[in-house]
Structures are given as structure tokens and as C-alpha cells.
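**Student:** Sharing a structure below in C-alpha cells format, with a few things to ask.
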Amino acid sequence: MTTNPHHVNHPTTVCQLTLPPHPESIDAIHDLVAALWAQNSQLSDPDKGRFELGVIEVASNIIEDMRRAPPDAPQVNIVVTLTADPQEITARFCDEGRATDIDLSAVDMPDEMAERGRGLALTQAMLDDLTYERSGSTNIWTLTCVRAAPKGSAR
Amino acid sequence: MTDISTRTLDDGIEVVRPPERLNMVTAPRLVAVIGDLIAGGHARVVIDLTATEFIDSSGLGALVSCLKKTRQAGGDLRIAGSTPHVQTVFDLTNLGRVLQLSTTVEIASATFQT
């Protein structure tokens, strides 16, 4: 984990981890999010809640997709980078696994009795932006949560 | 942290308390615990979420699965004590329409009597 205070009044905090695509990595990502909160005590609870949900949903989606890969596919790690600045909290997931066949514009919330399929719809509902791109051999997921203005602020 | 506790009320209703995080790791364990209770003849269940600070779609799917299993066994499922984050997720997914939510275990268990 690294912390880069670019400016004393407008610090940017960066937390990063490289993890294997195992379900057990989910707890490590929860802990990474908690580490980001520990360095940004002024973040609101609603922002923290929706950001953590989006991060865990996307991480779970990546891990589940990798578990469906052919048995002879090479195991690749996931690099998780969380960043907080005064305006936004962002998460970036990078991996060198197979490309994901997903159309985020077509994601929809399933009906109430569904047992699967809510993850990305919930993430889109909670966050301000969610993108997926394939850059060369790298999958890149980017999540953005625009921070609520502090109470009494005119921002 | 991932422990799931169970206790039995005087009227035979089972109270199951998931851990702080109900995610892709712990959700299958919750479904397994409910399955064991049903196999033992206990299909009236209250899931006590007062300790659950985080729930994701895996957790939601597990709750729906548990609801179906208890009803198929002739019982039912109630949810008690949603924390603010959990309540927000229920609202966004409209799960409040199918999961009967109560503020406390006592209120949730009383709804089985009516």
C-alpha cells in the first residue's frame, strides 16, 4: 500500500494490492477499502457504503469470470488500485485474463426472486460511473464515486 | 468474523445471525446453514442482520434462496435488524417487496404467529 500526499490541503490517497483470483481475496479487498477510509476520515458513510459495494461487486465478478476459464488457462493476478481525492473515490481493477464479453449498457436489474444477476446492475445504481475496457491484453474496470459535498459547503 | 450463529426460540423459530460481511465467501455458508436447519425440520427462520454491516448481490441471492427453501419446506423466512447500508441495498433492488423486514428479532418472530 502506498500513500501519496500531493498537496497538504488536497491530498490524494492511493492504496494498491495484487491478489490471486480466489474468493478469499474478497476479504483482502474489504481490508484495502478499510485502509483507504482510515486515511480519509472525512468521507461520508453513504459514499463509503456505495463505493465498497461497487468494489466488491466488480471484484466478485472478475473472480467468478476467472473461475469459469478453461482449466488450462494460466492463472493471472488482479491488481486493485483505490484512489481518494477531494472530489472522487475511484477503483481500478487490472488483469491479464481473457477478455470479458460484457455490454454494460445492457445490464438490467433482475426480478425480485432472482438468485443471481444483480451485481453489475447494483454497482451501476450505486456509483457515478462504471467502465470496462480491453487494452491490449489487459482488462481494465474503472469505478467512480463522486464525493458528496460536505455539509454547509457550496461545492 | 465469518461465523454464523444460530439459536432456537421457545416456540421453535430459528434465529440465524450472519457475520459482518455477507458476500461471495459467506453467502454460500448461510445457505448451507439454512439447509441444515430445514433438514432438521426447522423451516421457520428469522435472519438477524444486526451484525451485518455489508451485503452484496451474493448475499442478496442467498437471502432469496433461503426464502425459497423455507417456503418449499412449509415454513417461511423473516429478516430482522437491517443496518443502514443493508437497507439501502434492499431498497435499490426492491427486495423489501419479497423479504419481510422487521426492526427486531422479537417483532419478526411474532409475525409467524399471525
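**Student:** At 7 Å along the Cα-to-beta-carbon direction for both B:D3 and A:A28, put a label point, then send me their distance in nm to one decimal.
**Tutor:** Rounded to a tenth, the inter-label distance reads 2.6 nm.
**Student:** Residue by residue through A:56-65, how many Cβ atoms from other chains fall within 10 Å of the Cβ on average?
**Tutor:** 3
**Student:** Also: Kirkwood hydrodynamic radius, computed over distinct alpha-carbon pairs, for the stretch A:2-155: how many Å, to one decimal?
**Tutor:** 16.5
**Student:** Which whole number gives the average count of other chain Cβ atoms within 10 Å of the Cβ atoms across peptide B:39-50?
**Tutor:** Across B:39-50, the average partner-chain Cβ count within 10 Å equals 0.
**Student:** What area, in nm² and to one decimal, does the C-alpha convex hull of chain B cast on average over all directions?
**Tutor:** Over every viewing direction, the Cα hull of chain B projects on average to 6.2 nm².
**Student:** How far, in degrees from 0 to 90, does helix B:57-72 lean away from the longest principal axis of the Cα atoms of chain B, to the nearest 10?
**Tutor:** Value to nearest ten degrees: 20.
**Student:** While we're here: I'd like the trypsin sites (Lys or Arg not before Pro) in the stretch A:97-129 restricted to DSSP loop residues with at most 14 other Cβ atoms within 10 Å, sorted by number.
**Tutor:** Here the trypsin sites (Lys or Arg not before Pro) that fit, given the DSSP loop and packing criteria, are A:R116.
**Student:** If you put +1 on each Lys and Arg Cβ and -1 on each Asp and Glu Cβ, how big is the dipole of chain A around its Cα centre, in Debye rounded to 20?
**Tutor:** Magnitude of the dipole: close to 480 debye.
**Student:** DSSP loop trypsin sites (Lys or Arg not before Pro) in the stretch A:19-85 with at most 12 other Cβ atoms within 10 Å of their Cβ, which ones?
**Tutor:** A:R68
**Student:** Same structure, new question: What 222 nm value per residue comes from the helices of chain A, counting each DSSP H run with n ≥ 4 as -39,500 (n - 2.57) and dividing by all residues, nearest 500 deg cm²/dmol?
**Tutor:** -9500 deg cm²/dmol
**Student:** To the nearest 10 degrees, how steeply does helix A:45-67 sit against the main Cα axis of chain A, on a 0 to 90 scale?
**Tutor:** Its long axis makes an angle of about 20 degrees.
**Student:** Right, here's the next one. Where Rh denotes the Kirkwood radius from the mean inverse Cα pair distance, what is Rg over Rh for the protein assembly as shown?
**Tutor:** Result: Rg/Rh = 1.00.
**Student:** Assuming 1.567 mPa s and 4 °C, estimate D for the stretch A:36-97 with Stokes-Einstein, Rh taken as the Kirkwood radius over Cα pairs, in µm²/s.
**Tutor:** The calculation lands on 97 µm²/s.
Each reported figure results from applying straightforward, stated rules to the coordinates on display, with no laboratory input. Since this is a predicted model, take the numbers as computed values, not measurements. We place every Cβ from the backbone using ideal geometry, glycine too, and count neighbours over all the protein chains shown.
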